[in-house]
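Structure first, commentary second.
Each reported figure results from applying straightforward, stated rules to the coordinates on display, with no laboratory input. All of these numbers come straight from a predicted model, not from anything done at the bench. FYI the Cβ positions are ideal-geometry reconstructions off the backbone, even for glycines, and counts take in every protein chain you see.
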Amino acid sequence: MTKTTAIPDEVSIDDFAKLVGVTQRTVRNYVQEGTVTSGGRGKVLLNPSIRNLIDAAKVARPDSQLDKARARALDARTRAQEIKTAREEGRLMEFDEAMALVEDLTGLFVSAIESVPARFTRDMKVRLNLEKVVFDVREEVSKEMAKRADELRNEVTK
């Protein structure tokens, strides 16, 4: 003898709440939201209501670890392509190249500024005073540049 179980089209809100593991109040809220389909006075339509709850759960669930890993991989590939494109367009250079360029330009500037006292006067007393001012300014700028270079280097290595 084969046992068959008929699934009803409608069930009471109380039975539906027990079936899905929520309170009757929650089921009533689902009915108001349209997630659960009302079947009439105190009842819900079983099949569409179950399907709607499953669909809502699929939408509401947090991303799976696989989805997160795929998103991270896509972000990494996108970032790599952005860097490659920026380098090809001349908008990007290696940190060491940038530092070498700054050092070259700084050397040119220091050479130029050191010649200012000699260009300005032949008076040795005035020239020595100007050389002292130039030296002090160079020291201040040098310390600040070293500080900022260290900050940049730390940012790059993060």
Amide N of the stretch 129-154 lying under 17 Å from the label point, which is placed 7 angstrom from the Cα of Phe120 along Cα→Cβ: 129-141
Count of lysine pairs in the chain with Cα separation under 27 Å (8 or more residues apart, or interchain): 13
Pairwise label distance in nanometres, Glu155 with Lys84, each label 7 Å out on the Cα-Cβ vector: 2.6 nm
Cα-centred dipole magnitude for the stretch 10-60, charges only on beta-carbon of K, R (+1) and D, E (-1), debye, nearest 20: 60 debye
Pair Ala69, Arg148: separation of 7 Å Cα→Cβ label points (nm): 4.4 nm
Student exercise, the chain dipole from Lys, Arg, Asp, Glu Cβ charges, in Debye to nearest 20: 740 debye
Listed residue (Thr157, Gly90, Pro117) projecting farthest to the positive dipole end of the chain, Cβ model: Thr157
Choice from Lys84, Lys18, Lys68 with maximal GNM fluctuation in the chain (Cα, 10 Å cutoff): Lys18
20 Å tail of the calculated P(r), the chain, as % of Cα pairs: 74 percent
Degrees separating the helix 95-114 axis from the principal Cα axis of the chain, which is the longest one: 30 degrees
